Amino acid sequence: MNPLTGTAMSKKFAPMRDVSKTLQIRWYRCPVDKKLLRELMTPDDSRGLFLALGHLGLWVASGAAAFYLFLQQLWLPFALVLFCHGTIAAFLTAPHHELCHRTVFRTKSLNEAFLRIYALIGWSNFEIYQFSHNYHHRFTLHPEGDREEIMPATPSLRALYILQLFTVNIFGGYQSKGLLPTMHNFLCIATNRFDNPYNSWGEELYEGFDEHRKRATNWARITLLFHAALVAGAFTIGHPILALLTSGSPFLANWWRYFVGVTMHCGLKSNETDFRKSVRTVTLDPVSEFLYWHMNWHLEHHMYAGVPCYNLKALHKATADDMPEPRTLLGAWREMRETWKRQLTDPDFAFDTPVPSRGGVGEANQDSLARSIGDIGPKELAR
């Protein structure tokens with residue numbers, strides 16, 4: 001069992017370099033006018049800055065407010081603002097994901113700068129993630145090629161687990177970044193040990209990519225040094241609370257990120273060639289959609305991953321006639337709960353999403369523009 005994903009890891013997988021040569025999937029994609037698709041795939045620096053600076057600004061402002069209230073010893077307002085600060089920080093994985101696709105900004109240097117900022121403050125190793133996520137998009141829910149999401153997965157709803165999601169996430173779980181697993185994984189990667197319980201890809205991801213493995217190791221070391229300096233600085237100036245508000249913030253109040261993030265693939269069909277069967281879109285309120293960087297339009301993201309996140313809603317409108325109806329968040333959870341109950345007696349059961357049409361496998365939109373997943377991962381992974 002993978003402690004981070006809550007999914008079975010019962011066998012040793014072949015190196016991804018070998019798998020990617022033999023596993024070929026021709027995905028069905030809803031038809032989109034090519035001119036419109038080009039327009040939707042065009043990044044906009046102003047919209048990217050609105051997202052990147054806006055999310056960063058909310059994190060800084062909520063942290064500053066919490067610090068002020070702590071100094072004033074206003075404990076109830078402090079607790080409430082700290083909860084909001086953690087809720088915002090839990091979504092730092094969303095910009096990291098989008099920036100790894102390198103579709104947010106037209107100006108590449110802006111994308112690279114914000115990617116490193118968000119990876120640092122959010123405890124993310126983009127060197128590993130851009131490798132793994134490349135495969136996740138190419139082989140979505142095909143177990144031999146997609147180690148990010150292995151079904152069936154049953155997220156925990158136990159009282160103790162829910163308690164840590166509303167307070168301090170210590171042990172982590174599926175779609176949930178825990179303090180101890182994160183520390184353990186970063187320390188292992190920093191010492192060049194990739195085959196550890198909290199790295200679901202193990203050694204297979206980097207076999208044959210020694211230079212990129214070194215980069216992942218170096219980024220883990222940089223991240224640990226960065227947070228060690230933050231914590232040491234906070235204690236040195238006599239305000240250890242600042243360590244919690246900075247380095248500790250991604251592990252606070254993970255509740256909403258968890259309840260939103262679990263819906264992307266959970267309970268859906270593996271080994272499909274139609275994203276509509278293996279990816280789920282949910283509707284969210286505007287604030288949650290902003291914090292999630294529009295990833296609630298997740299089916300649209302997988303179908304045309306080269307489209308910047310802020311254009312996904314427009315993409316949905318362009319493909320709506322050939323798409324399943326978006327679920328509400330409550331509806332998605334109801335669907336997942338019913339699926340998990342069925343899986344107790346039938347482990348192979350998965351929810352079969354009704355779709356408006358069933359195009360021939362791989363018939364629609366198979367040119368390089370449609371297949372683009374952004375500039376994610378090194379050039380050696382491109383096909």
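List of remarks:
- Residues (crowded, with 24+ Cβ neighbours inside 10 Å and within 13 Å of the chain's Cα centre (by Cα)) located in the range 298-308: His301
- Candidates Ile128, Ile121, Ile117 - the one that is touching a Pro at 6+ places or on another chain (Cβ under 8 Å), surrounded by fewer than 24 Cβ atoms within 10 Å (Cβ to Cβ) and of a type in the set (Val, Ile, Thr): Ile121
- Residue selected from the range 338-383 under the condition at pLDDT 90 or above, touching a Leu at 6+ places or on another chain (Cβ under 9 Å) and assigned to a loop (DSSP other than H, G, I, E, B), by the criterion surrounded by the fewest Cβ atoms within 10 Å (Cβ to Cβ): Asp352
- Verdict on Pro250 being within 21 Å of the chain's Cα centre (by Cα) and under 19 Å from Val60 (Cα atoms): yes
- Scanning the range 302-330 for residues that are touching a residue at least 12 places away in the same chain (Cβ under 8 Å), assigned to a helix (DSSP H, G or I), farther than 18 Å from Pro356 by Cβ and not polar (S, T, N, Q) yields a total of 6.
- Residues being in contact (Cβ under 8 Å) with a residue 60 or more places away in the chain and hydrophobic (A, V, I, L, M, F, W, C) - total across the range 215-243: 7
- Some residue of the range 111-123 being more than 18 Å from Thr223 (Cα to Cα) and at pLDDT 95 or above: yes
- Of all the criteria given as (1) surrounded by 18 or more Cβ atoms within 10 Å (Cβ to Cβ); (2) among the small types (Gly, Ala, Ser); (3) more than 30 Å from Phe139 (Cα to Cα), the one not satisfied by Ala220 is (3).
- Single condition Ser62 does not satisfy, out of (1) polar (S, T, N, Q); (2) part of a helix (DSSP H, G or I); (3) at pLDDT 95 or above; (4) surrounded by fewer than 21 Cβ atoms within 10 Å (Cβ to Cβ): (4)
- Check on Gly57, modelled with pLDDT of 95 or more and under 25 Å from Glu98 (Cα atoms): yes
- Some residue of the range 92-111 being over 13 Å from the mean Cα position of the chain (by Cα), part of a helix (DSSP H, G or I), buried (at least 20 other Cβ atoms within 10 Å of the Cβ) and touching a residue at least 24 places away in the same chain (Cβ under 8 Å): yes
- Listed by first and then second residue, the pairs linking a residue in the range 153-178 that is assigned to a helix (DSSP H, G or I) to a residue that is surrounded by 15 or more Cβ atoms within 10 Å (Cβ to Cβ), with Cβ atoms under 6 Å apart and 6 or more places separating them unless they lie on different chains, are Leu165/Asn254; Leu165/Trp255; Leu165/Tyr258; Phe166/Trp255.
- Among residues that are within 27 Å of Ala305 (Cβ to Cβ), in contact (Cβ under 8 Å) with a residue 12 or more places away in the chain, part of a helix (DSSP H, G or I) and touching a Gly at 6+ places or on another chain (Cβ under 8 Å), Tyr135 is included.
The values are calculated or read from the model by the stated rules, or taken from the named source; none is laboratory data. Keep in mind the model is a prediction, meaning the values are calculated, not measured. Heads up, the Cβs are rebuilt from the backbone with ideal geometry, glycines too, and the neighbour counts pull from every protein chain shown.
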